[in-house]
Every structure is written in structure tokens, then in C-alpha cells.
1. Classify region 56-198: rounded, prolate or oblate, from the alpha-carbon gyration tensor (a ≥ b ≥ c, eigenvalue square roots; a/c under 1.5 rounded; otherwise prolate if a/b is larger than b/c)?
2. Just to confirm a number: summing +1 for Lys and Arg and -1 for Asp and Glu over residues other than Q208 whose beta-carbon lies under 14 angstrom from that of Q208, what do you get?
3. Which percent of the accessible heavy-atom area of region 44-126 goes to carbon and sulfur, probe 1.4 angstrom?
4. When the Debye formula is applied to the Cα atoms of region 1-123, each taken as the same point scatterer, what base-10 log of I(q)/I(0) results at q = 0.16 Å⁻¹?
5. In square nanometres, what is the average projected area of the Cα convex hull of region 16-67?
6. Sequence neighbours fewer than 8 away in the same chain don't count; with that in mind, list the aspartates and glutamates whose C-alpha is under 18 Å from K187.
7. Over 22 Å between C-alpha atoms is what I'm after, so list which of K61/K134; K82/K134; K111/K158; K63/K121 land there.
8. For K89, which aspartates and glutamates qualify as cross-link partners when the Cα separation must be under 19 Å and same-chain residues fewer than eight apart are set aside?
Amino acid sequence: MGNLCCCVQVDQSTVAIKERFGKFDEVLDPGCHCLPWIFGSQLSGHLSLRLQQLDVRCETKTKDNVFVNVVASIQYRALADKASDAFYKLSNTRTQIQAYVFDVIRASVPKLDLDDAFEQKNEIAKAVEDELEKAMSTYGYEIVQTLIVDIEPDEHVKRAMNEINAAARLRVAANEKAEAEKILQIKRSEGDAEAKYLAGLGIASQRQAIVDGLRDSVLGFSENVPGTTAKDIMDMVLVTQYFDTMKEIGAASKSSAVFIPHGPGAIRDVASQIRDGLLQASAHQ
């Protein structure tokens, strides 16, 4: 009906291509236009100016001989001021863009190892965008954005990569565990050495206190009981300590039985041995 009335309507974000007697005449913007078909004017078609997206899946090989599928997402649109070029110069825009994407990806990815391809996705996308922009601008199209949305290696390769990653993490965990055990053993050894050192100091201090106490006892007894020798006093002190020890052992309900010589001659030998040891210790001070 619009054509019969010589009027046509062009929708928003769309332009129409007007021809006269089969030859391009002008680009019609959105709105209502008069199209006198009796003078040879007609619409050849419409061209959308909306942003369009094309997802391209390209199989290629990396530098380390791993086959991957690279998925690129191309966002493009026709330019209003070059609508005639976009309408007439290309018969299949999507196929043309796909061919350029294949060409750039298959020239870029084989120069990279698989790990580098994952790390340099932005560089690959930039190379694709630059090449498309240079080629498609002559056909009236603008490349808005190019994204490498995925790089998919073979399933066996992905499994191997995961196993390598898992093994590396297990190796790091084992090293950390061994380091922790090493630190624990060092700290335990340092604590044991310090404990033994302090125990040795305690024993030395105890023995020194015993020697000092016995010396004070001998000196005090000699002053209060004239005529006694140091040997007599030491024998009496040692015998007294001996019987005190025997008494404590017998009085304890859960003490272990200790059998030592306790005859008079044996006591004299014990006293002699203790006295000699104490005197030697005093002589070394």
C-alpha cells in the first residue's frame, strides 16, 4: 500500500537503499519518504545500523604442537555515511569477517606456546581487530570490539595440564610440610639442649650447696666441741644422713626397695668414699 501511495517507511537504526532505474540513487534515513515508482524509483533493500556480533570458532595449532579451538567474538556495525559501500560491496559480510579472523588467528597462535597463548589473549584479539578494521573499513563497516573469549585445547591436554598443576601443588605442599617438620625438630632439639643445660646448672648448684653446708657444719661443730677433728665430724654427719635416708625409704608407702651395705664396716667405707669425693670437689674449687 505504501508503494502504491509512493510513500515508504524506514525504521529506526535502519537505512534504506533507494535506486532509480536499477542504479543507486541515495540512502534513506529512518522516517517516511516519498518514492515515486512511476519515475523509476524503488527500494533495493534495508541495512541495519545496529551493533551485531559474530562468534567465530577457529581450530589451529600452537608452537608446542597442541591443537586448540580459539573462539573469537567480533562486534561490528555498518556506518551510516558508508551505507552504500556496506550494501553493495559485500555479498556476505559474516563470511568475509570469518575469513579474516581465521587468517589472523592461524598466523598468530602458531607462534606461541600453549601457556603463552592463554596469557596473551589480549594481544591476539588486538591483532585480529587491527586486521579487521583495516579490511572492513573499505566496505563500510566498523569493528567495535574483538574478544578472544575462549581457548579450548583437547580434553587429554587439559587433563594433562591439570595433573601437572596438581603435581606441582603437591610438591610445594610436601616441601612446606618437610620445612615445618624440620623447624619443629630444630626447636625441639634447642629446647632439649636448653633443658639439659639448665638441669646441669641445677645439679652443680645443688652440689655446691651441699659442699658449702657440710663445710659450715664442720666449722661450727669444731668451734663448739674442742678436740674433735674434721674427720670425726664428717663421719658423724655422713652416718646421720645415711640413717635419715634409710628412714625416709622405709617410711614411704610406694618407694622402691634399695639394698645397700649397712654394716659398721660398710658404713665406714661409704663415709670414706663420700668424704673423699667431697674433699676432692672442695680442692678443685
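The values are calculated or read from the model by the stated rules, or taken from the named source; none is laboratory data. Everything numeric in this text was worked out from a predicted model, so none of it was measured. No Cβ is skipped: glycine too gets one built from the backbone with ideal geometry, and neighbour counts run over all protein chains shown. Calculation scope for accessible area: heavy atoms of the full protein, side chains included, ligands and nucleic acids excluded. Shrake-Rupley method; radii C 1.70, N 1.55, O 1.52, S 1.80 Å.
1. It comes out prolate by the Cα gyration axes.
2. Charge balance in the 14 Å sphere: 0.
3. Using a 1.4 Å probe with all protein chains present, region 44-126 comes out at 43 percent carbon and sulfur.
4. Results for region 1-123 at q = 0.16 Å⁻¹ read -0.80.
5. 6.4
6. K187 reaches E176, E179.
7. Correct reply: K61/K134.
8. Filter leaves E19, D25, E26, D81, E131, E133, E142.
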